[in-house]
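I have placed the structure first, in the form of structure tokens, so that the comments after it can refer back to it.
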Amino acid sequence: MQDILKLIQERHSVRMPFDPERPVSHQDLQQILEAGRWAPTAHNMQNFDIIVVDDAKILDEIGNIKSPISEVFIQENYQLLSFSEEELLQKKVGLLGTMFPLSWRTPGVKPVAEEGRSRPFPPCPTLLVVLYDPRKRAPASEGDFLGIISLGCMMENLWLMANSLGIDFQIISALSNGPVEKEVKRILAVPEHLKIAFCARLGYAAGTPPRTLRVRRDIEDFSHHNGFANKGIG
Ligand SMILES: Cc1cc2nc3c(=O)[nH]c(=O)nc-3n(C[C@H](O)[C@H](O)[C@H](O)COP(=O)(O)O)c2cc1C
């Protein structure tokens, strides 16, 4: 039991470049996909397809897609930033501002897209592109809310399995929206009707990852007992 909790607590994002010369083995990939395969999904609909991309040329092509940063991202991202470790420890949610380029985290300064991201993701030997069919939905689920939650369950299974194998992992949301998504779909010949749910970079950090402060709310902050008014479970 403790092993599962430890794995869950230690699962983390690695945002630095991965060694492109150190591939993820076929056997490890099989295990990661096996973990995804057994994810719970609403109505057991298994509403995903996964493209494993490990061809350096294709990775390069996807990695060179221009991915402009939107004003909305900058504004909403800003609301979740802290500007010191102390502030983050106190807030217990969000991220450290220093993860982002200066112009993306300074109010009143026009964000310079190129400052932070000349590529939509840092180098890696393997990219998972997870697809779903937005025309389908979990039965009677408004906006396919249940189907989308199911994709999240699958994401977590992939991530936990990867980390348990010592493989670094990062979700790349920049590839699943607007013109960037369109371009990824073109490169990978994804049928028109499918959407990219999320992409994940897999590999081994090229060097020692910097120490990053990871915070969470305490159980008492989000739990309630026998009614919303009673915070915590005693
Ligand atoms: C749906 C979803 C989208 C995410 N998108 C990104 C992303 O585009 N880039 C990134 O570096 N991390 C992304 N993350 C990772 C979160 O930022 C990260 O899980 C969170 O900050 C907690 O840090 P940890 O993973 O180290 O525990 C995403 C996570 C989820 C669940």
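The values are calculated or read from the model by the stated rules, or taken from the named source; none is laboratory data. Note that the structure is a prediction, hence the values are computed from the model and not measured. Cβ atoms come from the backbone with ideal geometry, glycine included; neighbour counts cover every protein chain shown. Please note that ligands, DNA and RNA were not included when accessible areas were found on the heavy atoms of the full protein model with its side chains. Shrake-Rupley method; radii C 1.70, N 1.55, O 1.52, S 1.80 Å.
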note = Sparse-neighbourhood loop hits (trypsin sites (Lys or Arg not before Pro), region 53-115; DSSP loop; Cβ within 10 Å at most 14 others) -> Lys66, Lys92
task = Rank these by accessible area, largest first, 1.4 Å probe: Asp133, Asp49.
result = Asp49, Asp133
message = Could you derive backbone 3J(HN,Hα) for region 77-90 from the dihedral phi with the Karplus parameters 6.51, -1.76 and 1.60 (θ = phi - 60°), listing whole Hz in sequence and x where the residue is Gly or Pro?
response = 5, 4, 5, 9, 9, 10, 10, 7, 4, 4, 4, 5, 5, 6
query = Ile50 to Leu188: extension gain in nm, 0.36 nm per residue of separation minus the Cα-Cα distance?
reply = 48.5 nm
key: Dimensionless Rg over Rh [region 19-107; C-alpha; Kirkwood]   = 1.10
ask   = How high is the relative contact order of region 1-114, in percent, with contacts defined as C-alpha pairs under 8 Å that are six or more residues apart?
value = 14
inquiry  = Test of the criteria: in region 155-234, which trypsin sites (Lys or Arg not before Pro) are in a DSSP loop and have at most 13 other Cβ atoms within 10 angstrom of their Cβ?
reply    = Arg211, Arg214, Arg216, Arg217
task = Send over a whole-number figure in Å² for the accessible area per residue of region 1-157, probe 1.4 Å.
result = 63
ask   = Taking amide H positions as placed 1.01 Å from N in the peptide plane, with prolines and chain starts having none, which residues 5 or more places from Phe169, or on another chain, fall under 5 Å of its amide H?
value = Val14
query = Mind checking the log10 I(q)/I(0) for the chain at q = 0.18 Å⁻¹? Debye, one equal scatterer per Cα, no solvent, two decimals.
reply = -1.58
ask   = In whole Å, what is the distance between the alpha-carbon centres of region 3-21 and region 144-160?
value = 18
task = Could you calculate the contour length gain from Met16 to Asp60, that is, 0.36 nm times the residue separation minus the distance between their Cα atoms, to one decimal place in nm?
result = 14.2 nm
inquiry  = In region 203-226, whose amide N lies under 18 Å from the spot 7 Å out along Cα-to-Cβ of Leu89? List them in ranges.
reply    = 211-219
remark   = Counting only protein heavy atoms with a 1.4 Å probe and every protein chain in place, the carbon and sulfur fraction of the accessible surface of the chain in whole percent equals 56
Radius of gyration and Dmax over the Cα atoms of region 116-174, both given in Å = 14.5, 42
request  = Find me the longest stretch of the chain that has none of the exposed GluC sites (Glu not before Pro), where exposed means in a DSSP loop (not H, G, I, E or B) with at most 14 other Cβ atoms within 10 Å.
outcome  = 22-191
inquiry  = Need the list of lysines near Lys136 for cross-linking: C-alpha distance under 28 angstrom, and skip anything on the same chain fewer than eight residues off.
reply    = Lys182, Lys185, Lys195
task = Please quote Rg/Rh for region 143-203 to two decimal places, taking the Kirkwood radius as Rh and restricting both calculations to Cα atoms.
result = 1.01
ask   = Of the chain, which part is the longest with no chymotrypsin sites (Phe, Trp or Tyr not before Pro) in a loop (DSSP not H, G, I, E, B) and with at most 13 other C-beta atoms within 10 angstrom?
value = 84-227
task = Compute the relative contact order of the chain as a whole-number percentage, counting only Cα pairs closer than 8 Å that sit 6 or more residues apart in sequence.
result = 31
